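Okay, structure first, notes after.
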Amino acid sequence: MSKKKILITGGAGFIGSHVVRLFVNKYPETEIFNLDALTYAGNLTSLEDIADKPNYHFVKGDIVDSAFINALFEEHKFDGVIHLAAESHVDRSITDPMAFVQTNVIGTVNLLNAAKAVWKDEMDKHLFYHVSTDEVYGSLDDGGFFLETTSYDPQSPYSASKASSDHFVRAYRNTYGMRTVISNCSNNYGPNQFPEKLIPLCLNNIKHKKPLPVYGKGENVRDWLYVVDHARAIDQIYHEGRDGETYNIGGFNEWKNIDIVRLLCKVMDRKLGRAEGESEKLITFVTDRAGHDLRYAIDASKINQELGWEPSVTFEQGLEKTVDWYLENEAWLENVTSGEYTKYYEKQYVTA
Ligand code: NAD
Ligand code: TYD
């Protein structure tokens, strides 16, 4: 019997690389295909440790290219898809919304169409798993949590594009009988995150004694989850999740931005042997993000009760691991912060 084939899109990105690693190592009898366009956010050095494994295959390609995607599905007839490829940064979506429509909406529909074409007579034997974000639910004030039943209310071009792709996935289940599952996760942190996002950006800047740009007053709240725990949740949902269901994933771990930046300063001062309070002096309040969502907070009870998933590390443990990883992987950081990153940074942080 031929081996099962799973297509993971966006596997060279932050979360995708952890999902690919987990699947390649845990399921040696399954062929894992990593499809990634290697945009600025994709980096194959994140996967050097598993690149030579016999069940790992990398395919460079763009999900916006429907002819290419159709041919890929025709060739491999994947048993299942875990779709993570996306434009993922809110600030970039504010300056270039169309790139988000292209990849997040059209790219997702291209994948759905290609899957539908090859799975047509046996939809029940395949699964399309779409990885989404809690940002589709909009912004909370001080009370309450996002539930799987919370109405969609996206506020940024990024979250609007993700919400749109979620709707298409549900529509393909309803209309064509495709087996689908969606998860909506809170903010991730951990090794291999591109330093345009708050935590790695601050770690990189603290290291180089550069200003730490905090938007507005730093009062916005995010719910942080260690990326390896997100990958574990994706594994469980892919294998045990119920058809047509949505699962929220989060760490019950809310932090105001300013508090998290202060904490990062404290940990880095200790690790770098700097005087306590030295890095906090780098904190610089800058112009707020347009339409900045105030608070995200996930209620992750459903995945806990149905699948028994819970985070494996505390925030303190996860942050220690993350800081150590960034300090030990200077070459990775230097590689991704050269070139395009410098131009992006100068444009984004003119006031910092
Ligand atoms: P990322 O930006 O680090 O990685 C995205 C990957 O997709 C990159 O490797 C990039 O090269 C690839 N890609 C982009 N456009 C592509 C295209 N047109 N064709 C093929 N590949 C393309 O993103 P991430 O933070 O790892 O997020 C992964 C997924 O998880 C996204 O769908 C995102 O919406 C979702 N998500 C992220 C978070 C978070 O905190 N980062 C939280 C919840 C959900
Ligand atoms: P980010 O990591 O971009 O994730 P998201 O916008 O998807 O939540 O930002 C996390 C929070 O940190 C968000 O409230 C915006 C804020 N932020 C800053 O204050 N300064 C920065 O330079 C960045 C990138 C983000």
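The values are calculated or read from the model by the stated rules, or taken from the named source; none is laboratory data. This structure is a prediction, so every number in the text was calculated from the model and none was measured. Cβ coordinates were reconstructed from backbone atoms using ideal geometry, including for glycine residues, and neighbour counts include every protein chain displayed. Heavy atoms of the whole protein, side chains included, go into the accessibility calculation; ligands, DNA and RNA do not. Shrake-Rupley method; radii C 1.70, N 1.55, O 1.52, S 1.80 Å.
Tabulated results
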read-out: Summed side-chain charge close to E31 - residues other than E31 whose Cβ falls under 13 Å, Lys, Arg +1, Asp, Glu -1; value: +2
read-out: Within the accessible area of the chain (1.4 Å probe), percent carbon and sulfur; value: 51 percent
read-out: Relative contact order computed over the chain (Cα-Cα under 8 Å; 6+ residues apart), in percent; value: 17 percent
read-out: The stretch 206-352 - share of DSSP beta bridges that are antiparallel (%, nearest 5); value: 40 percent
read-out: Within the chain, helix-based [θ] at 222 nm, where runs of 4 or more DSSP H residues each add -39,500 (n - 2.57), nearest 500; value: -12500 deg cm²/dmol
read-out: 25 Å Cα-Cα threshold exceeded, pairs from K3/K26; K162/K207; K26/K162; K217/K271; K197/K217; K210/K266; value: K162/K207; K26/K162; K217/K271
read-out: DSSP H segments from the chain that extend 24 Å or more along their own axis, Cα-based, with Kyte-Doolittle mean of 1.6 or above; value: none
read-out: Exposure ranking of E316, E148 by accessible area [1.4 Å probe, largest first]; value: E316, E148
read-out: Cα centre as origin, Lys/Arg/Asp/Glu Cβ charges: the chain dipole, Debye; value: 320 debye
read-out: Cβ-based net charge around N248, under 9 Å, with every Lys or Arg adding one and every Asp or Glu removing one; value: -2
read-out: Aspartates and glutamates with Cα under 16 Å of K77, excluding same-chain neighbours fewer than 8 positions away; value: E31, D121, E122, D124
read-out: Bridge type composition, the chain - antiparallel percent by DSSP, nearest 5; value: 10 percent
read-out: Cα gyration tensor category, rounded, prolate or oblate, for the stretch 34-102 with a/c compared to 1.5; value: oblate
read-out: Three-way shape label, the stretch 72-171, alpha-carbon gyration tensor, a/c 1.5; value: oblate
read-out: The stretch 175-306 - charge dipole about Cα centre, Lys and Arg +1 at Cβ, Asp and Glu -1, debye rounded to 20; value: 660 debye
read-out: Cα centre as origin, Lys/Arg/Asp/Glu Cβ charges: the stretch 1-49 dipole, Debye; value: 200 debye
read-out: Distance from the stretch 199-243 to the stretch 72-143 (C-alpha centre basis), Å; value: 20 Å
read-out: The chain: most fluctuating residue of A114, A297, A331 per GNM, C-alpha cutoff 10 Å; value: A331
read-out: Per residue accessible area in Å² of the stretch 171-275, where ligands, DNA and RNA are left out and the probe is 1.4 Å; value: 34 Å²
